[in-house]
Amino acid sequence: MSGGAAPGGRPPHSLAALVAERAREGPARIALVGPGREPLTYAGLAALVDRTLARLNELGIGPGDTLATVVPNGPEAAASFICLAAGATAAPLNPAYQAPEFEFYLSDLRAKALVIPRGLDSPARAVAARLGVGVLELSAGVGPAGSFDLEGVGMGRAARSGAAGPDDVALVLHTSGTTSRPKLVPLTQRNLLCSAGNIGRTLALTPEDRCLNVMPLFHIHGLAAAVLATLQAGASVVCTPGFLAPMFFDWLAEFQPTWYSAVPTMHQSVLARAKERGDAPPPCRLRFVRSSSAALPPQVMAALEAKLGAPVIEAYGMTEAAHQMASNPLPPGRRKPGSVGRPAGPEITVGGERGARLGAGQVGEILIRGPNVTGGYAHNPEANASAFSEGWFHTGDQGYFDADGYLFITGRIKELINRGGEKISPREVDETLMDHPAVAQALSFAIPDERLGEEIGAAVVLRPGGRATPAELREFAAGRLIHFKVPRRIVFLDELPKGPTGKPQRIGLAARLGITSVEEKTPAARAAYQAPATPTEKRLADIWASILRVPQVGRRDDFFWLGGDSILATQMMVHVREAWRADIPVSRLLEARTLESFAAAVDRGGGTGTPAGARSIEQLIAEIGTLSEAEVERQLREAEGKGGVTPLAEGSRE
Ligand code: AMP
């Protein structure tokens, strides 16, 4: 760790103090980097924090007030998080949420205001207006990466002003729970900085380090590991628009990061992209690669180490712990593939029946305690009563320690679906499906998936006389839920399987129904299978099949319904560009989602009026890269959910 201690020897326990101290130690050191932007130094960041605190107070906002933020990934997302959390409580929300989701989150947060970039079109605006939540427009400055101003109507006088203290809540995030309502996790300044210190120590971060952040900054993984651990170390973080596989190696070459942290699905996409490129990765100075938030398959770990020439450190994180709980060590320490490593911050124990503590090799629930762990869910005494006992927090994960003190996760007690690191509360999906007039009962469940670890399926019992196809139910859910929560596979049953106590049995349902993958998915689309007809369709079908990992693609198959998402879409566009040298704007996939219509677009050279091959692959990738992750998500969601045409408006580019 860098010299994180204050003159008195105690590390700073508030964000404002931390930034001020780093600015004193190294005013000219770079804190934030944004593609195509002048970097922001620590002196610049400290000035931005001071300016924001003063501005918040002018607007009537201070410590204890919650600000919901809807800011696409990039330097402004990182800077606004740091500055707002320094003087109030930041509540970053996924910009791709649907209106009903914003309605829930904005109300549940009791937000004093919504902070949103000027000009960003989001359903959050209408929801805030309906709920009477004030809006603060964030205008990105022309200056260094992350600079911004806040404009809005004053909200009276703040109860407190100035910087928040160590025990003020700096960040609130929702976590998917066993109920349909996500639980609200408050994390104090102390919780966050303690976690950042733990991560920095594990990774031996120094001011020389540079993190490439590809994680969304509305999730604890990116906020704590990429942003806060970097600040603790006085190092720098490159704030990308989000994970875009086609850009990844260019970013490695351009920014020369010493590390990045991602979820396993992203690591798999890095490997796929490396394979597509064929050549050796560009010279880079990666010291290590970090993986967290979902289980990293040992094969992926080995392949990534071989490809990038750096050790891959798997860690175990959780929102309630302000992220890191355990981690494999850096060399010369031993990393054990398949293990999440040793305790790396909080104390960890494995609990058995009636409070017993289990020894090595015995499987039980993983319990944690320590200064990085939340003091309890907000406004939720029931959840707190079941989550905490004798000072230990129950993670809901099952596992064991081996004889060397390495932790292995073996399963889950909590009803949660972990889709490539995105957590889904199955009850929320059940209840959404049950809002459909034809549905009597619904039980969503995890389906094993090679790429994502788990996919989401749902068993549905229709009302007597009720009629609905899986496609209709998916479309219904897509209008109410963010895209990753929409079940990929829906099966109709006469009744839901029940356990001995008569309760529907969600855990293990896929196995009981004989569902081993989502491959038999989209039965409706399969029923209408039509073989690819033209040479372009045939070649494109092979590309889609390999990217989407499905055995067969028909003319009528829809890219998104076969499991396509923003990561896979960018991979596919690059393949198409390489195979046909056709100039296909990314927007074309959103308009032409079936194999047949997309092949026609390819045959027309993308229909842009530009001669095929006129633009380089770098330009195509740059086009994808200029869309913020939220914008890509929003457009994919619209295309996926509404089944309609969603042309990419020029004005929607960043
Ligand atoms: P979140 O609150 O979104 O960070 O999710 C926390 C949950 O992600 C944990 O309780 C685990 O179930 C899961 N998780 C995090 N890291 C890992 C890992 N390395 N391996 C397996 N599961 C993980």
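For the structure I just gave you, tell me whether residue 320 is within 13 Å of the ligand (Cβ to nearest atom) and either at pLDDT below 95 or out of contact with any helix residue (DSSP H, G or I) (no Cβ under 7 Å at 6 or more places or on another chain) (or both).
Values: within 13 Å of the ligand (Cβ to nearest atom): yes; either at pLDDT below 95 or out of contact with any helix residue (DSSP H, G or I) (no Cβ under 7 Å at 6 or more places or on another chain) (or both): yes.
For residue 320, the condition - within 13 Å of the ligand (Cβ to nearest atom) and either at pLDDT below 95 or out of contact with any helix residue (DSSP H, G or I) (no Cβ under 7 Å at 6 or more places or on another chain) (or both) - is met.
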- Message: Exactly one of these conditions fails for residue 37: (1) among the charged types (D, E, K, R); (2) crowded, with 23+ Cβ neighbours inside 10 Å; (3) not in a helix (DSSP H, G or I). Give me its number.
- Response: (2)
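Answer with yes or no whether residue 228 is aliphatic (A, V, I, L, M) and either modelled with pLDDT under 95 or within 16 Å of the ligand (Cβ to nearest atom) (or both). Write out each step before concluding.
Working: aliphatic (A, V, I, L, M): yes; either modelled with pLDDT under 95 or within 16 Å of the ligand (Cβ to nearest atom) (or both): yes.
Taking the combined requirement at face value, the residue satisfies it.
Would you check which residues across segment 469-503 are among the charged types (D, E, K, R), part of a loop (DSSP other than H, G, I, E, B) and either modelled with pLDDT under 85 or out of contact with any strand residue (DSSP E or B) (no Cβ under 9 Å at 6 or more places or on another chain) (or both) and list them?
Restricting attention to segment 469-503, the residues satisfying the condition of being among the charged types (D, E, K, R) are 472, 474-475, 480, 485, 488-489, 494-495, 498, 503.
So of that shortlist, the ones also part of a loop (DSSP other than H, G, I, E, B) come out as 480, 488, 494-495, 503.
If the condition is that a residue be among the charged types (D, E, K, R), part of a loop (DSSP other than H, G, I, E, B) and either modelled with pLDDT under 85 or out of contact with any strand residue (DSSP E or B) (no Cβ under 9 Å at 6 or more places or on another chain) (or both), then 480, 503 are the ones that fit.
What tally of residues in segment 447-478 results from selecting those that are small (Gly, Ala, Ser), under 16 Å from residue 507 (Cα atoms) and touching a residue at least 40 places away in the same chain (Cβ under 8 Å)? So that I can check it myself, show each step before the final result.
First pass over segment 447-478, keeping only residues small (Gly, Ala, Ser): 453, 457-459, 465-466, 468, 471, 477-478.
If we keep only those that are under 16 Å from residue 507 (Cα atoms) too, we end up with 453, 457-459.
Okay, now just the ones that are also touching a residue at least 40 places away in the same chain (Cβ under 8 Å), so 453, 457, 459.
Qualifying residue count, segment 447-478: 3.
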- Item | Top-ranked residue of segment 363-405 - restricted to ones that are crowded, with 18+ Cβ neighbours inside 10 Å and among the aliphatic types (A, V, I, L, M), ranked as farthest from the ligand (Cβ to nearest atom) | 378
- Note on the structure: Looking across segment 140-151 at residues that are at pLDDT 95 or above and not aliphatic (A, V, I, L, M), the single one that is nearest to the chain's Cα centre (by Cα) is 146
- Query: If you take the residues of segment 414-439 that are outside any loop (DSSP other than H, G, I, E, B), within 16 Å of the ligand (Cβ to nearest atom) and of a type outside the set (A, V, I, L, M, F, W, C), which of them is farthest from residue 363 (Cα to Cα)?
  - Reply: 428
- Query: When you go through 337, 264, 298 one by one, which is the residue that is within 16 Å of the ligand (Cβ to nearest atom), surrounded by fewer than 18 Cβ atoms within 10 Å (Cβ to Cβ) and closer than 28 Å to residue 572 by Cα?
  - Reply: 298
- Message: If I go through segment 83-118 residue by residue, how many of them are assigned to a loop (DSSP other than H, G, I, E, B) and out of contact with any Asp or Glu (no Cβ under 6 Å at 6 or more places or on another chain)?
- Response: 7
- Any residue at all in segment 68-88 that is more than 16 Å from residue 226 (Cβ to Cβ), touching a residue at least 24 places away in the same chain (Cβ under 8 Å), surrounded by fewer than 19 Cβ atoms within 10 Å (Cβ to Cβ) and of a type outside the set (A, V, I, L, M)? no
- residue 17 vs. criteria closer than 27 Å to residue 119 by Cα, surrounded by fewer than 23 Cβ atoms within 10 Å (Cβ to Cβ) and modelled with pLDDT of 95 or more: no
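From the residues in segment 144-158 that are assigned to a loop (DSSP other than H, G, I, E, B) and touching a helix residue (DSSP H, G or I) at 6+ places or on another chain (Cβ under 8 Å), which one is nearest to the ligand (Cβ to nearest atom)?
Just the residues of segment 144-158 that are assigned to a loop (DSSP other than H, G, I, E, B), to begin with: 144-147, 152-158.
Retained after the next criterion (residues that are touching a helix residue (DSSP H, G or I) at 6+ places or on another chain (Cβ under 8 Å)): 144-147, 154, 158.
Values: 144: 31, 145: 26, 146: 24, 147: 30, 154: 36, 158: 31 Å.
Once the filter is applied, the top-ranked residue is 146.
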- Note on the structure: Of the residues in segment 275-293, those that are farther than 20 Å from residue 333 by Cα and crowded, with 21+ Cβ neighbours inside 10 Å come to 293
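In the list 315, 303, 294, 272, which residue meets the criterion of being of a type in the set (A, V, I, L, M, F, W, C) and modelled with pLDDT under 90? Lay out the reasoning, then the answer.
Values: 315 fails: modelled with pLDDT under 90; 303 fails: modelled with pLDDT under 90; 294 fails: modelled with pLDDT under 90.
Only one candidate passes the filter, namely 272.
Working carefully through the options 127, 142, find the one that is without any contact (Cβ under 8 Å) to a residue 40 or more places away in the chain, surrounded by fewer than 16 Cβ atoms within 10 Å (Cβ to Cβ) and β-branched (Val, Ile, Thr). Full working, then the answer.
Details: 127 fails: surrounded by fewer than 16 Cβ atoms within 10 Å (Cβ to Cβ).
Step by step, each of 127, 142 is checked, and only 142 is without any contact (Cβ under 8 Å) to a residue 40 or more places away in the chain, surrounded by fewer than 16 Cβ atoms within 10 Å (Cβ to Cβ) and β-branched (Val, Ile, Thr).
Yes or no: residue 351 more than 23 Å from residue 227 (Cβ to Cβ) and touching an Asp or Glu at 6+ places or on another chain (Cβ under 7 Å)? Before you say what the answer is, go through the steps one by one.
On the way: more than 23 Å from residue 227 (Cβ to Cβ): yes; touching an Asp or Glu at 6+ places or on another chain (Cβ under 7 Å): yes.
Considered against the rule, which asks whether it is more than 23 Å from residue 227 (Cβ to Cβ) and touching an Asp or Glu at 6+ places or on another chain (Cβ under 7 Å), residue 351 comes out as yes.
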- Message: Can you tell me which of (1) basic (Lys, Arg); (2) closer than 20 Å to residue 294 by Cα; (3) in contact with a Pro (Cβ under 9 Å, 6 or more places away or on another chain) is the one residue 463 doesn't meet?
- Response: (2)
- Query: Counting only residues that are in contact with a helix residue (DSSP H, G or I) (Cβ under 9 Å, 6 or more places away or on another chain) and of a type in the set (A, V, I, L, M, F, W, C), which one in segment 252-271 is farthest from residue 199 (Cα to Cα)?
  - Reply: 271
- Query: Does segment 508-531 include one or more residues that are touching a helix residue (DSSP H, G or I) at 6+ places or on another chain (Cβ under 6 Å), modelled with pLDDT under 70, surrounded by fewer than 17 Cβ atoms within 10 Å (Cβ to Cβ) and of a type in the set (Gly, Ala, Ser)?
  - Reply: yes
- Query: Which one of the conditions (1) within 16 Å of the ligand (Cβ to nearest atom); (2) within 16 Å of residue 488 (Cα to Cα); (3) surrounded by 23 or more Cβ atoms within 10 Å (Cβ to Cβ) does residue 444 fail to meet, given that it meets all the rest?
  - Reply: (1)
- Query: So, of the residues in segment 325-357 that are over 29 Å from the mean Cα position of the chain (by Cα), of a type in the set (D, E, K, R) and within 16 Å of residue 391 (Cα to Cα), which turns out to be modelled with the lowest pLDDT?
  - Reply: 354
- Message: Being assigned to a loop (DSSP other than H, G, I, E, B) and at pLDDT 95 or above: is that true of residue 283 here?
- Response: no
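Does residue 506 fit the bill of being of a type outside the set (Gly, Ala, Ser) and in a loop (DSSP other than H, G, I, E, B)? Working first, answer last.
Numbers: of a type outside the set (Gly, Ala, Ser): yes; in a loop (DSSP other than H, G, I, E, B): yes.
Here the answer is yes, as residue 506 does meet what is asked.
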- Going through segment 59-102 one residue at a time, which ones are at pLDDT 95 or above and charged (D, E, K, R)? 65, 76
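Given the criteria within 15 Å of the ligand (Cβ to nearest atom) and either at pLDDT 95 or above or surrounded by 21 or more Cβ atoms within 10 Å (Cβ to Cβ) (or both), does residue 408 qualify?
yes
Considering 330, 252, 304, which residue is without any contact (Cβ under 8 Å) to a residue 40 or more places away in the chain and more than 12 Å from the ligand (Cβ to nearest atom)? Full working, then the answer.
Details: 330 fails: without any contact (Cβ under 8 Å) to a residue 40 or more places away in the chain; 252 fails: without any contact (Cβ under 8 Å) to a residue 40 or more places away in the chain.
Every option except 304 fails the conditions.
The values are calculated or read from the model by the stated rules, or taken from the named source; none is laboratory data. Values in this document were obtained by computation on a predicted structure and should not be read as measured data. Using ideal geometry, Cβ is built from the backbone for each residue, glycine included, and neighbour counts are taken over all protein chains shown.
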